[in-house]
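J.: Handing you this structure, nothing more for now.
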Amino acid sequence: MLAETICAAVSAAGLGIAAITAYRKKFLSATRIAAWSLVPLGLVMTGAVEWAFDTVFSPVAWVGFGVLGAAWLLLLTTRGVERRRGGRKAAAGGAEPAAVAPGASTPDRPREALTRPAPGPAARGGGAEDFSDIEAILKKHGI
């Protein structure tokens with residue numbers, strides 16, 4: 001009952017401040033203050049304040065939060081151990097490479113050829129011809 005009274009008083013004070021702000025011709029701020037001051041009243045009317053009050057002072061709820069925390073901690077620990085071991089297949093004892101088709105062959109090119117970028121037109125020696133379109137644009141604009 002005390003929480004509901006406090007929320008109602010906070011809402012009334014907020015609406016009073018909103019009215020004073022509107023009197024000063026700051027309507028956008030007054031509307032924003034009025035909206036925020038109606039939030040506690042809405043929470044009381046929906047029963048959210050009573051639910052939160054009952055949850056905070058309930059030992060069973062706190063034990064439930066402790067159990068949820070322990071479950072979360074166990075899940076994170078097992079995930080960390082799994083990552084350290086190298087995944088689920090490594091933990092189960094599977095030593096075969098993952099994601100390889102049974103009839104797949106090796107690539108024709110060596111690995112270095114796949115990672116190096118192809119030489120651009122400037123490296124081939126025809127650098128003067130490649131800038132003709134850029135020169136045309138520059139001449140068009142008088143540069």
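What follows is calculated from the coordinates using simple rules that are stated; it is not laboratory data. What you see is a predicted model; the values in this text were computed from it and never measured. In this analysis, Cβ positions are derived from the backbone assuming ideal geometry, glycine residues included, and neighbour counts consider all displayed protein chains.
J.: Scan region 46-85 for chymotrypsin sites (Phe, Trp or Tyr not before Pro) in coil per DSSP, keeping those whose Cβ has at most 15 other Cβ atoms within 10 Å, and list them by number.
T.: 57
J.: Also: In region 14-48, which trypsin sites (Lys or Arg not before Pro) fall in coil by DSSP and have 16 or fewer other Cβ atoms within 10 Å?
T.: The qualifying sites are 24, 25, 26.
J.: Quick check: pseudo-label points 7 Å beyond the Cα along Cα→Cβ at residue 6 and residue 61, how many nm apart are they?
T.: Label-label distance for residue 6 and residue 61, simple model: 1.4 nm.
J.: Shifting gears a bit: Classify region 28-88: rounded, prolate or oblate, from the alpha-carbon gyration tensor (a ≥ b ≥ c, eigenvalue square roots; a/c under 1.5 rounded; otherwise prolate if a/b is larger than b/c)?
T.: Because a/c hits 1.5 or more and a/b fails to exceed b/c, region 28-88 counts as oblate.
J.: Sum up the charges of everything whose Cβ sits under 14 Å from the Cβ of residue 1, counting Lys and Arg as +1 and Asp and Glu as -1, but leave residue 1 out.
T.: So the environment of residue 1 carries a net charge of -3.
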